[in-house]
Amino acid sequence: MEIILLERIEKLGAIGDVVTVKDGYARNFLLPNKKALRSNNANKRVFEANRAKIEADNAARRSDAEGAAQGVDGKQVVLIRQSSNAGALYGSVSVRDIIEALEAEGVKIVTKSMIVLERPIKTLGLFDVKVSLHPEVAVTVKVNVARSPEEAELQKDGVDVMASLFEKDESGFTEDYDPNAEPGEIASTRADEDEGSEEEA
């Protein structure tokens with residue numbers, strides 16, 4: 001379907017561009033959300049007649065978004081989640097979770113449609129999430145997913161919590177060593193036998 005864009009759409013075009021998109025995308029998203037018009041002579045005339053107003057409205061929304069961006073860009077939110085020992089979350093972090101965390105930090109302007117989450121967050125760690133406040137204004141927020149506020153602080157300071165956990169496990173492992181043991185013999189068994197023979201003597 002050929003359409004006229006009423007706002008800039010990433011990977012499609014700018015205001016006034018006539019582009020061809022899949023029918024479903026136009027019918028289900030672009031047209032109902034007033035992001036585009038069907039491309040025909042009547043709509044082209046309507047668009048040209050209103051072009052100055054459409055562009056002025058867009059510029060006003062863009063400047064509002066740029067003002068709001070300063071309070072959002074670089075914001076870090078902490079989400080405390082349970083995970084396996086390997087760092088895999090039980091469940092995943094959703095767009096709603098990020099919005100609730102931003103609201104708790106005092107950011108009220110972000111809506112679900114503004115969060116660009118390319119894939120669900122399913123592990124512990126620090127993640128950059130894009131927030132599109134306007135088709136021409138995008139900022140990044142940091143999502144810090146940890147098992148406790150203490151771990152979140154460490155991650156914020158650049159510590160890889162999962163790597164340090166594995167190091168801790170490995171360093172804590174020591175093998176029993178008996179210099180008198182025969183090859184293949186378990187150290188503690190040999191020591192018990194020695195004790196037993198001493199008692200008999």
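Quick check on my filter: what residues within the range 131-149 are under 14 Å from the mean Cα position of the chain (by Cα) and either surrounded by 18 or more Cβ atoms within 10 Å (Cβ to Cβ) or more than 25 Å from I9 (Cα to Cα) (or both)?
Restricting attention to the range 131-149, the residues satisfying the condition of being under 14 Å from the mean Cα position of the chain (by Cα) are 131-132, 139-146.
Matches in the range 131-149: V131, V139, V141, V143, N144, V145, A146.
Those residues that are out of contact with any Lys or Arg (no Cβ under 9 Å at 6 or more places or on another chain) and assigned to a loop (DSSP other than H, G, I, E, B), I need them from the range 18-33; list them, please. Please lay out each step first, then the result.
Here is the first cut: in the range 18-33, the ones out of contact with any Lys or Arg (no Cβ under 9 Å at 6 or more places or on another chain) are 19-25, 27-28, 30, 32-33.
Listed by number, the residues that qualify are V21, K22, P32, N33.
I'd like the full set of residues that are aliphatic (A, V, I, L, M) and either part of a loop (DSSP other than H, G, I, E, B) or loosely packed, with under 14 Cβ neighbours inside 10 Å (or both), limited to the range 1-17. Before you say what the answer is, go through the steps one by one.
Start the filter on the range 1-17 by keeping residues that are aliphatic (A, V, I, L, M), which leaves 1, 3-6, 9, 12, 14-15.
Answer for the range 1-17, where residues must be aliphatic (A, V, I, L, M) and either part of a loop (DSSP other than H, G, I, E, B) or loosely packed, with under 14 Cβ neighbours inside 10 Å (or both): M1, L6, L12, A14, I15.
Would you check if A60 is touching a residue at least 24 places away in the same chain (Cβ under 8 Å), small (G, A, S) and either buried (at least 16 other Cβ atoms within 10 Å of the Cβ) or within 22 Å of A138 (Cβ to Cβ) (or both)?
Details: touching a residue at least 24 places away in the same chain (Cβ under 8 Å): no; small (G, A, S): yes; either buried (at least 16 other Cβ atoms within 10 Å of the Cβ) or within 22 Å of A138 (Cβ to Cβ) (or both): yes.
Here the answer is no, as A60 does not meet what is asked.
Between a first residue in the range 89-101 that is touching a residue at least 40 places away in the same chain (Cβ under 8 Å) and closer than 16 Å to G125 by Cα and a second residue that is assigned to a strand (DSSP E or B) and of a type in the set (S, T, Y), which pairs have beta carbons less than 6 Å apart while being 6 or more apart in sequence or on different chains?
L89/S83
Looking at the range 77-88 only, could you name the residues that are modelled with pLDDT under 90 and either in a strand (DSSP E or B) or within 13 Å of V143 (Cβ to Cβ) (or both)?
Result: S83, A88.
Scan the range 30-55 for residues that are surrounded by 11 or more Cβ atoms within 10 Å (Cβ to Cβ) and over 31 Å from the mean Cα position of the chain (by Cα) and report the count. Lay out the reasoning, then the answer.
Residues of the range 30-55 that are surrounded by 11 or more Cβ atoms within 10 Å (Cβ to Cβ), as a first pass: 30-31, 33, 35-40, 43-44, 46-48, 50-51, 54-55.
Those still in the list that are over 31 Å from the mean Cα position of the chain (by Cα) too: 37-40, 43-44, 46-48, 50-51, 54-55.
Residues flagged as surrounded by 11 or more Cβ atoms within 10 Å (Cβ to Cβ) and over 31 Å from the mean Cα position of the chain (by Cα) within the range 30-55 amount to 13.
Scan the range 37-58 and tell me whether some residue there is part of a loop (DSSP other than H, G, I, E, B) and outside the structural domain of V141 (by TED's automatic domain parsing). Show your work before the answer.
Within the range 37-58, the subset part of a loop (DSSP other than H, G, I, E, B) is 39-40.
Still in the running and outside the structural domain of V141 (by TED's automatic domain parsing): 39-40.
Among the residues of the range 37-58, at least one is part of a loop (DSSP other than H, G, I, E, B) and outside the structural domain of V141 (by TED's automatic domain parsing), which makes the answer yes.
Counting only residues that are modelled with pLDDT of 90 or more and not hydroxyl-bearing (S, T, Y), give me the strands (runs of 3 or more DSSP E) lying completely in the range 110-201 with at least 3 of them. Quick ask: steps written out before the conclusion?
On the way: elements: 121-123, 125-134, 137-146.
Because the criterion is at least 3 residues that are modelled with pLDDT of 90 or more and not hydroxyl-bearing (S, T, Y), the strands (runs of 3 or more DSSP E) in the range 110-201 that meet it are 125-134, 137-146.
Where residues in the range 102-130 are in contact with a helix residue (DSSP H, G or I) (Cβ under 7 Å, 6 or more places away or on another chain) and touching a residue at least 40 places away in the same chain (Cβ under 8 Å), which of them is surrounded by the fewest Cβ atoms within 10 Å (Cβ to Cβ)?
If we take residues in the range 102-130 being in contact with a helix residue (DSSP H, G or I) (Cβ under 7 Å, 6 or more places away or on another chain) and touching a residue at least 40 places away in the same chain (Cβ under 8 Å), then I109 is surrounded by the fewest Cβ atoms within 10 Å (Cβ to Cβ).
The values are calculated or read from the model by the stated rules, or taken from the named source; none is laboratory data. The shown structure was predicted, so the numbers you read here are calculated from the model rather than taken from an experiment. In this analysis, Cβ positions are derived from the backbone assuming ideal geometry, glycine residues included, and neighbour counts consider all displayed protein chains.
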